[in-house]
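Comments concern the structure below.
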Amino acid sequence: MIPWMFGKVEINLKLKEMFIKYRDGYVINQVELLKLPEFETDRICRQKVTFSGRVQNVGFRLEVCQLATRLGLTGYCKNMENGDVLAELQGSENRIQYLITFMKSLKRIKIRNMVIKEMEVNEKESVFLPY
């Protein structure tokens, strides 16, 4: 590699790191400022949701994790090799629906398709894990 290109690569990596740090800060701040509605008592359920579309490299998992934690949900969210994001969400059904509706409303994210599957509740789970 030509010596002057090392500097260019370093600058691009630093810009990418700065962008990710800014984006993550923005996502965390937006979720913290979100005024959550009052939720009625609802049945506890677990849903496996596969999100397809522009859902990777846009802060999607971080936002799901932050909002799920604020909503008192448990589960996890992870990237799939095919570009989808898989989330298992457990808690009050109306809170899960709120999270899904909120994620669909975000402009920087474009959910083209969702597959939702009911699962058995995991009684031992107590946190939402960011994978």
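The values are calculated or read from the model by the stated rules, or taken from the named source; none is laboratory data. Not measured: the values here are computed from a predicted model. Cβ placement follows ideal geometry from the backbone for every residue including glycine, while neighbour counts extend to all protein chains displayed.
A few comments on the model shown:
- The number of residues in region 57-92 that are surrounded by fewer than 16 Cβ atoms within 10 Å (Cβ to Cβ) and either over 16 Å from residue 34 (Cβ atoms) or not hydroxyl-bearing (Ser, Thr, Tyr) (or both) comes to 9.
- Selection of region 17-45 for residues being touching a strand residue (DSSP E or B) at 6+ places or on another chain (Cβ under 8 Å) and either polar (S, T, N, Q) or closer than 15 Å to residue 65 by Cα (or both) yields only 41.
Yes or no, residue by residue, for (1) of a type outside the set (S, T, N, Q); (2) over 23 Å from residue 25 (Cβ atoms):
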| site | (1), (2) |
| --- | --- |
| 58 | yes, no |
| 62 | yes, no |
| 74 | no, yes |
| 81 | yes, yes |
| 100 | yes, yes |
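- Residue within region 124-131 that is assigned to a strand (DSSP E or B), surrounded by 14 or more Cβ atoms within 10 Å (Cβ to Cβ) and of a type in the set (Asp, Glu) present: no
- Residues of region 19-73 classified as within 14 Å of the chain's Cα centre (by Cα) and aromatic (Phe, Trp, Tyr), total: 3
- Residue count, region 106-129 (criterion: within 21 Å of residue 92 (Cβ to Cβ) and touching a Phe, Trp or Tyr at 6+ places or on another chain (Cβ under 8 Å)): 3
- Among the residues listed as 48, 107, the single one being out of contact with any helix residue (DSSP H, G or I) (no Cβ under 6 Å at 6 or more places or on another chain), among the basic types (Lys, Arg) and modelled with pLDDT of 95 or more: 48
- For region 18-104, no strands (runs of 3 or more DSSP E) sit wholly inside it while including 3 or more residues that are touching a residue at least 40 places away in the same chain (Cβ under 8 Å) and more than 21 Å from residue 118 (Cβ to Cβ).
- Some residue of region 102-114 being surrounded by 14 or more Cβ atoms within 10 Å (Cβ to Cβ), on the phi < 0 side of the Ramachandran plot and among the hydroxyl-bearing types (Ser, Thr, Tyr): no
- Consider region 18-33 and keep the residues that are exposed (fewer than 12 other Cβ atoms within 10 Å of the Cβ) and hydrophobic (A, V, I, L, M, F, W, C). The one that is nearest to residue 55 (Cα to Cα) is 19.
- Every residue from region 83-131 that is of a type in the set (S, T, N, Q) and farther than 11 Å from residue 55 by Cβ: 90, 92, 94, 97, 101, 105, 122, 126
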